[in-house]
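To start, the structure under review is shown below, and the notes come after it.
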Amino acid sequence: MTPLSQNFTLEEFTTSATAKRLGIINAVGQKEVANICALVHNVLQPLRDAMREPIKIGSGYRCPRLNRAVGGVPTSQHQYGQAADLCIEGDKEKGRRWFTWIMAHCDFDQLIWEHNAKGSYWVHVSYRSDGKNRRHVINNLLKR
Ligand SMILES: [Zn+2]
C-alpha cells in the first residue's frame with residue numbers, strides 16, 4: 001500500500017472492479033499521482049478530518065480505456081487523477097453533509113451529485129493543482 005495521507009492510499013484510487021473484470025491494467029503515471037495527491041490534501045483528507053467517518057472511493061483514477069469501459073465522458077477528469085467519486089451507499093443525508101461541507105470549505109473544480117439509471121447516487125469532486133478551480137456545482141439532488 002502507498003499512503004497518500006493519514007487516511008488515504010493510492011490503491012484506493014487505482015483499484016477498479018471493472019478493470020479487473022475486463023483485464024485492463026489501470027496504470028497510473030507520476031503526473032496523475034501528483035494530481036490525486038492534490039485532491040486528497042485539498043479536499044478529501046480535510047473532509048475526512050471534519051466528518052470523522054470513513055470515505056470510500058468508488059472510482060478514482062481511470063486510464064482512458066477504463067474510462068471508456070465505464071462510460072465516462074471523453075473529457076473526464078478521472079483520466080488525469082483530478083476527480084474522485086465518493087460512495088454514499090444510499091445514505092443521502094451523509095451525501096448532503098459531505099457535499100455541503102466541501103462547498104463551504106474547499107477549493108474545488110467541480111462538485112456534482114451524480115446518479116445512474118439504477119437510482120444510486122454518489123458525490124463526484126475534482127480538484128486542479130494548477131489553481132484553475134472553477135468551483136462549479138451541480139447540486140441536482142439538493143433541490144429535492
Ligand atoms: Zn466521477
key: In the range 95-110, residue farthest from R48 (Cα to Cα) [restricted to those that are open to solvent by less than 10 Å² (accessible area, probe 1.4 Å) and not hydrophobic (A, V, I, L, M, F, W, C)]   = D109
ask   = Looking at the range 58-81, which of its residues are open to solvent by 10 Å² or more (accessible area, probe 1.4 Å) and more than 10 Å from the ligand (Cβ to nearest atom)?
value = Y61, C63, P64, R65, R68, A69, G71, P74, T75, Q79, Y80
message = If I ask for residues that are part of a loop (DSSP other than H, G, I, E, B) and open to solvent by less than 20 Å² (accessible area, probe 1.4 Å), which ones from the range 5-16 would you list?
response = F8
ask   = For the range 17-122, which helices (runs of 4 or more DSSP H) that fit wholly inside it have 1 or more residues that are in contact (Cβ under 8 Å) with a residue 60 or more places away in the chain and small (G, A, S)?
value = 30-39
message = If the requirement is being open to solvent by less than 20 Å² (accessible area, probe 1.4 Å) and either within 13 Å of the ligand (Cβ to nearest atom) or over 18 Å from D130 (Cβ atoms) (or both), which of these qualifies: D85, D49, D91?
response = D85
note = Subset of the range 97-119, residues more than 13 Å from the ligand (Cβ to nearest atom) and touching a strand residue (DSSP E or B) at 6+ places or on another chain (Cβ under 9 Å), comes to W98, F99, I102, M103, C106
task = Scan the range 116-123 and give yes if some residue there is open to solvent by less than 60 Å² (accessible area, probe 1.4 Å), over 14 Å from the mean Cα position of the chain (by Cα) and at positive phi, otherwise no.
result = yes
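The values are calculated or read from the model by the stated rules, or taken from the named source; none is laboratory data. Please read these numbers as outputs of a predicted model, since none were measured by experiment. Note that each Cβ is placed from the backbone with ideal geometry, even for glycine, and that neighbours are counted across all protein chains shown. Note: areas computed on protein heavy atoms with side chains; ligands, DNA, RNA excluded. Shrake-Rupley method; radii C 1.70, N 1.55, O 1.52, S 1.80 Å.
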